[in-house]
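Visitor: So that we are looking at the same thing, I have put the structure below in structure tokens.
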Amino acid sequence: MDTLFKQWKVVKMKNKIIFIPIALTLFVMFYGTIEQNVDCPTVAYNPEGNEDCTYVKSWLWHSVAVLSLTAFGLPPDGVLTNIAVNPDEAESRNFIPMLSLSIIAIFITKRKESQLKKVRESYR
């Protein structure tokens, strides 16, 4: 039973290692579209709600810029962006670093899985 529990922990950890970079990649890729479709309340109707909404959107754009490495000098990717429609997306988004990290995580996980399989077969 103890080995089964250890195997379950390995599977859970493997899924996290793959899921987290893929989820962040999807966030970086699609946040611009989501942000355009979410309207903040007007200042006249709800000034505090407008301020909070604008603050959250600003922080999420900063997160996109950090995850995209554009905050550190990497140029934006320019894929499916129009500076006239969404200037933040055109200046802050580059999904290639997170996509690369996702591919590396999948590769490492698959490699460790195959090594573990070889070790199991050698003990049979």
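The values are calculated or read from the model by the stated rules, or taken from the named source; none is laboratory data. This is a predicted model, so every value here is computed, not measured. No Cβ is skipped: glycine too gets one built from the backbone with ideal geometry, and neighbour counts run over all protein chains shown.
Visitor: Filtering region 18-70 down to residues that are surrounded by 14 or more Cβ atoms within 10 Å (Cβ to Cβ) and of a type in the set (Val, Ile, Thr), which residue is farthest from residue 92 (Cα to Cα)?
Guide: 18
Visitor: With polar (S, T, N, Q), farther than 27 Å from residue 42 by Cβ and either within 12 Å of the chain's Cα centre (by Cα) or modelled with pLDDT under 80 (or both) as the only criterion, which of 82, 94 stands out?
Guide: 94 is the lone residue from the list that is polar (S, T, N, Q), farther than 27 Å from residue 42 by Cβ and either within 12 Å of the chain's Cα centre (by Cα) or modelled with pLDDT under 80 (or both).
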